[in-house]
Amino acid sequence: MSGEALRVGVIGCGPIAERGHIPGIIKSKEARVVAVADLDTKVLEKTSKKFGIAKTFTDYHQMLEEKLDLVHICVPNHLHSKVAIDVMTRGVHVLVEKPLATSVHEAEQMVKTAADQKVKLCEAKQWRYVPAVQRGYDIYKNGKLGRIVSMLAQWHTDIPLTWSHAQWYYNPEKSGGGIVSDIGIHMLDLLLLFGGPVNHVSASGGDYTGTMGFDTSVQALLQFSGGGTGILDVSWLAPYSKILDIVGTGGIATVDMQYYSLLHANYSRNPLRDFFHSARTLVGTVRRVLNKDFFNPLPRLYAALVDDLADSIRNDKPPPIPGEIAIEALKLKEAIYQSIAEKSEVKVS
């Protein structure tokens, strides 16, 4: 495998595979798509023509005969665990679209299978690869923010009615929940990345439309084990905003994940610094609009994730977002839903 592009198969050819995973693999320097599988023959034909993929299968078990190095799992959420375990049992590495599973129990079974089969299990949390997030994390790890005091992870957008027409997507029993399980799980991952383990959660939220049948807006207060607090603020009822705001004892960092900008200050902000920050943001936005990355950043982010995963496979290193990390976010998701239901603070197990 050394030096050769990984042979990748994709199971499930829905919106996230079409807009993120497959373009990301194609853009990757370390992998290539050799086969795709989906139960819908029309979707398979569309995917094959759009991306020039010759080998298509309606039975993913048959696809596994293609001597694959890695399989991307993009099936409905409630099937993630079953399909991933099937693939890993065949000795093949997997990258699973978020959430890793719909429950902590299922995720733990996946982690155990990966360990038993000695394969890599990685979750797709591509927003870690936003350059401004990575720069912010470098600043934090280098001690320039000091100890974390508070964090805000905010993602506001419209209800994703145009994202997918699949019924499972709007069924909490199959999707794993509403907004917390969908976009909230990404922001929980970032809160954990910077803040570390969480002891307690207090949350409120629900279906504020009264018609969707799942949570459309949720706010949660997280108490980090190492001190400090984090706030999760996710809503499908507000104008677009995606921000990670970090306050430390030594400074602040504000990551705008829409415009890929990072404002870092050691409590010495001034008008000139703010002017240059705004200018850099404007130039960066224009550049991303011109190269079409602004309107769909997913291919580049997935490509970076695939390249990192390929390195971990080749050199037997931990995957970039291992199953154990994914489980911590799932524990928070379950604690948030429990807190909302019980209207009380919940201890995270």
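A few remarks follow.
- Of 99, 160, 76, the one that fluctuates the most in a GNM where the chain has Cα springs shorter than 10 Å: 160
- Relative contact order for the stretch 93-142, counting Cα pairs under 8 Å that sit 6 or more residues apart, in percent: 43 percent
- Taking amide H as placed 1.01 Å from N in the peptide plane, the amide H of residue 238 sits under 5 Å from that of 157, each at least 5 places away or on another chain.
- Alpha-carbon centroid distance for the pair the stretch 199-248 / the stretch 53-77, whole angstrom: 36 Å
- Seen from every direction in turn and averaged, the convex hull around the alpha carbons of the stretch 138-197 projects onto 5.5 nm².
- Look at 237, 44 and count the other Cβ atoms within 10 Å of each Cβ; fewest to most, that gives 237, 44.
- Remark on the stretch 15-81: Rg and Dmax equal 11.4, 31 Å (Cα only).
- Cα gyration tensor, the stretch 1-138 - rounded (a/c under 1.5), prolate or oblate: rounded
- Within-11-Å neighbourhood charge of residue 198 [Cβ basis; K, R +1; D, E -1]: +1
- Panel order for 151, 212, by other beta carbons found within 10 Å of each beta carbon, from fewest to most: 212, 151.
- The trypsin sites (Lys or Arg not before Pro) of the stretch 312-349 that meet both conditions, a loop assignment by DSSP and at most 11 other Cβ atoms within 10 Å of the site Cβ, are 343.
- Kirkwood-Stokes translational diffusion coefficient of the chain, alpha-carbon pairs, 20 °C, 1.002 mPa s, µm²/s: 102 µm²/s
- Under-5 Å amide H pairs with residue 321, H placed in peptide plane, nonlocal only: 123
- In sequence order, the stretch 226-231 has phi-based couplings of x, x, x, 10, x, 10 Hz under the Karplus curve 6.51 cos²θ - 1.76 cosθ + 1.60, θ = phi - 60°, and Gly or Pro positions carry x.
- Here the spin labels are modelled as points 7 Å beyond Cα on the Cα-Cβ line, and at residue 163 and residue 112 they lie 3.1 nm apart.
- Angle between the chain longest axis and helix 298-314 axis [Cα atoms, degrees, rounded to 10]: 70 degrees
- ³J(HN,Hα), Karplus 6.51/-1.76/1.60, whole Hz, each residue of the stretch 184-196, x for Gly, Pro: x, 5, 5, 6, 4, 4, 6, 4, 5, 4, 8, x, x
- Tilt relative to the chain, helix 271-290 - C-alpha long axis, 0 to 90 degrees, to 10: 20 degrees
- Derived scalar couplings between HN and Hα for the stretch 339-346 equal 5, 5, 5, 8, 6, 8, 6, 10 Hz in order, rounded to whole Hz, by the Karplus curve 6.51 cos²θ - 1.76 cosθ + 1.60 (θ = phi - 60°), x for Gly and Pro.
- For the chain, built as a Gaussian network whose Cα springs stay under 10 Å, the top-fluctuating residue of 142, 171, 199: 142
- Sites residue 150 and residue 317, calculated FRET efficiency, Cβ-Cβ separation with R0 35 Å, nearest 0.05: 0.60
- Cross-link pairs beyond the 24 Å C-alpha cut-off, checked among 98/343; 120/347; 29/112; 27/50: 98/343; 120/347; 29/112
- Computed [θ] at 222 nm, helices only, for the chain once each DSSP H run of length n ≥ 4 contributes -39500 (n - 2.57): -11500 deg cm²/dmol
- For the stretch 1-58, applying the loop criterion from DSSP together with a ceiling of 13 other beta carbons within 10 Å to the GluC sites (Glu not before Pro) yields 4.
- From least to most packed, judged by other beta carbons within 10 angstrom and beginning with the fewest, 73, 53 follow the order 53, 73.
Values quoted throughout were computed directly from the atomic coordinates according to the rules given, and no laboratory measurement underlies them. Computed from a predicted structure; not experimentally measured. Reconstructed Cβ throughout: ideal geometry from the backbone, glycine too, with neighbour counts over all protein chains shown.
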